[in-house]
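Read the structure below first, then the notes.
The values are calculated or read from the model by the stated rules, or taken from the named source; none is laboratory data. None of the values given here were measured: they were computed from a predicted structure. Counting neighbours? That spans all protein chains shown, and the Cβs are built from the backbone with ideal geometry, glycine included. Accessible surface is based on the protein model in full, side chains and every heavy atom, while ligands, DNA and RNA are left aside. Shrake-Rupley method; radii C 1.70, N 1.55, O 1.52, S 1.80 Å.
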Amino acid sequence: MSGTYLGMPAFPRAAEDSTRDARLRANLTHATHTIRDKRAKAVAELDDWPQLRAAGAAVKDRTLRRLDHYLEQLETAVTAAGGQVHWAADAEEANRIVTELVRETGEREVVKVKSMATQEIGLNEALAKAGIRAYETDLAELIVQLGDDLPSHILVPAIHRNRSEIRDIFRREMGSWGRPAPEGLSDSPADLAEAARLHLREKFLSARVGISGANFMVAETGTLVVVESEGNGRMCLTLPETLISVVGIEKVVPTWQDLEIFLQLLPRSSTAERMNPYTSTWTGTTDGDGPQTFHLVLLDNGRSDTLADTVGRQALRCIRCSACLNVCPVYERAGGHAYGSPYPGPIGAILTPQLRGIQGPLEASLPYASSLCGACYEVCPVAIDIPEVLVHLRERVVEGGPVVRGGTRAVLKPARGHAAERAAMRAAAWALDHPGALRGGMRLAARTRRLHPRRLPGPGRAWSRTRELPTVPAESFRDWWQRTREASPNASAERGESK
């Protein structure tokens with residue numbers, strides 16, 4: 001699976017293929033269960049976790065309500081500290097800005113510390129078209145890049161690969177990207193990590209341009225923050241002469257005091273650690289220490305449109321911990337590639353359709369990539385009610401309605417293929433508004449229940465292909481209630497008391 005996510009089929013078709021991959025399902029099951037168990041233990045150590053979670057959600061909501069103010073404050077602080085701020089309305093503009101900044105240095109190679117924003121905009125591909133080669137330095141991202149693959153998890157992009165697959169990729173591909181893998185490389189984690197370390201060290205020491213994302217941006221000081229576990233981020237952020245950071249506008253927090261909340265929430269929810277091994281912060285530039293040129297590219301790419309949706313905007317609270325993926329039964333079986341986006345799992349099912357719009361078949365299918373079990377909401381460290389947003393987006397897919405796209409209000413037409421669903425929902429709404437008709441329909445259904453099929457015909461065939469219709473009871477609840485209450489010896493007395 002190479003190239004970009006664009007052109008991916010709708011989720012049901014992609015998931016139908018991935019769920020048949022026994023190795024993929026085994027890899028995912030082992031990894032997600034291990035991570036979720038460790039996370040549960042780390043979270044249980046804090047008695048005030050619910051309060052911490054509520055505080056994180058409150059800070060995010062407060063920031064989003066005044067996002068314009070905090071972004072302007074951030075720009076002023078970054079500029080005062082010696083950095084340069086660029087605003088990118090969409091992926092095309094962001095890629096153009098970064099490409100031009102790299103060209104100005106005269107370099108043709110860059111090292112990258114993991115950034116989901118650059119995956120979202122397809123930066124590596126844009127740089128490649130300009131003759132610039134980007135080297136991923138996160139171990140999992142390196143595996144994905146060498147394997148001509150795509151990330152399938154927010155925290156562990158190569159979660160769909162096992163050790164023997166990684167060994168084979170290193171043996172086969174490392175030499176074409178730089179230092180080859182050692183002779184006789186085994187599949188032990190220590191050997192694989194050492195091979196990656198030797199391969200990447202040459203890139204770190206020779207690269208003059210680094211590209212990063214950021215987990216958080218502190219508005220009051222213009223400070224950017226990256227948390228990671230391997231040290232590759234520290235190398236990318238300190239050794240190059242020029243540093244370019246591409247960050248979504250929702251990553252800003254007002255103060256250092258607010259940052260402290262998220263530095264407790266994120267590591268426990270993601271890597272099940274009390275704190276990250278490497279927490280790197282930088283503010284502009286400093287003579288003789290670290291990069292001497294710093295550029296911050298603030299990326300919108302649909303975030304302002306998402307902010308305009310009073311229900312869906314809570315997706316912008318996300319701190320990319322991946323806890324929702326690790327508990328999701330759908331993700332565990334389908335894998336990340338089926339979501340057709342750098343943001344897989346439950347958070348991707350609500351974030352991608354809002355960032356891209358739901359006009360395409362993939363985006364229109366993602367709100368349905370869930371059982372609505374609610375496990376994702378229970379583990380979210382910033383209390384994003386993902387099931388609520390999923391239902392909200394499903395309504396938008398079926399009914400259409402007012403939306404904001406590109407900063408302009410528009411009316412979205414209902415997606416194709418949902419006419420029968422709309423008709424059924426309207427019929428149900430009418431029946432629930434007319435008790436007499438509802439009672440008559442229930443009695444008719446009960447009396448004809450022996451004639452009911454076990455599976456639906458026509459458009460309903462897709463729904464009942466994997467499930468049987470429930471058996472209609474011989475008597476409706478209304479009729480049972482009326483019959484049993486009238487037969488009760490205390491019914492008359494109770495009716496009198498109720499008067």
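Overview of values
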read-out	value
Surface accessible to a 1.4 Å probe, Met235 within the full protein complex, Å²	50 Å²
Selection from Ala474, Ala431, Gly210 lying farthest towards where the dipole of the chain points positive, charges on Cβ	Ala474
For region 202-250, convex hull volume per residue from C-alpha positions, Å³	77 Å³
Region 367-499: proportion of alpha-carbon pairs further apart than 26 angstrom, %	52 percent
Region 84-123 - convex hull of alpha carbons, volume per residue in Å³	81 Å³
Kirkwood Rh (inverse of mean 1/r, distinct Cα pairs), region 14-144, angstrom	19.3 Å
Ratio of the Cα radius of gyration of the chain to 2.2 N^0.38 Å, where N counts its residues	1.13
Net charge over other residues, Cβ less than 10 angstrom from the Cβ of Gln359 (K, R count +1; D, E count -1)	+2
Relative frequency of Cα-Cα separations exceeding 16 Å in region 334-409, percent	48 percent
Accessible area of region 1-152 divided out per residue, in Å², using a probe of 1.4 angstrom	49 Å²
Ranked by how many other beta carbons lie within 10 Å on average, peptides 256-269, 134-147 from highest	134-147, 256-269
Partner aspartates and glutamates for Lys41 [C-alpha distance under 16 Å; skip if fewer than 8 residues away on the same chain]	Glu273, Glu378
Relative contact order, percent, region 39-163 [alpha-carbon distance under 8 Å, six or more residues apart]	14 percent
The chain: relative contact order in percent, alpha carbon pairs under 8 Å with at least 6 residues between	19 percent
Inverse mean reciprocal Cα-Cα distance (Kirkwood Rh) of region 255-314, Å	15.1 Å
Evaluated over region 197-310, the Cα radius of gyration and Dmax, each in Å	15.2, 49
Cα pair count fraction exceeding 27 Å, expressed as % - region 115-266	27 percent
Within the accessible area of the chain (1.4 Å probe), percent carbon and sulfur	52 percent
Cα-based radius of gyration of region 158-243 once divided by 2.2 N^0.38 Å, which approximates compact folds	1.32
Mean-position separation - Cα centroids, region 103-130 and region 49-74, in angstrom	30 Å
Set of lysines with alpha-carbon distance to Lys413 below 30 Å, sequence-local pairs under 8 removed	none
Relative contact order for region 155-309, counting Cα pairs under 8 Å that sit 6 or more residues apart, in percent	22 percent
For the chain, calculated [θ]222 nm from helices alone, where every DSSP H run of n ≥ 4 adds -39500 (n - 2.57)	-15500 deg cm²/dmol
Three principal axis lengths of region 255-371 [C-alpha, angstrom, descending]	51, 31, 27
Cα-based convex hull, region 78-158, per residue volume (Å³, whole number)	111 Å³
Eligible lysines near Lys203 by straight Cα distance, threshold 30 Å, same-chain separation 8 or greater	Lys112, Lys114, Lys129, Lys251
Summed side-chain charge close to Ala420 - residues other than Ala420 whose Cβ falls under 12 Å, Lys, Arg +1, Asp, Glu -1	+3
Ratio of the Cα radius of gyration of region 126-174 to 2.2 N^0.38 Å, where N counts its residues	1.18
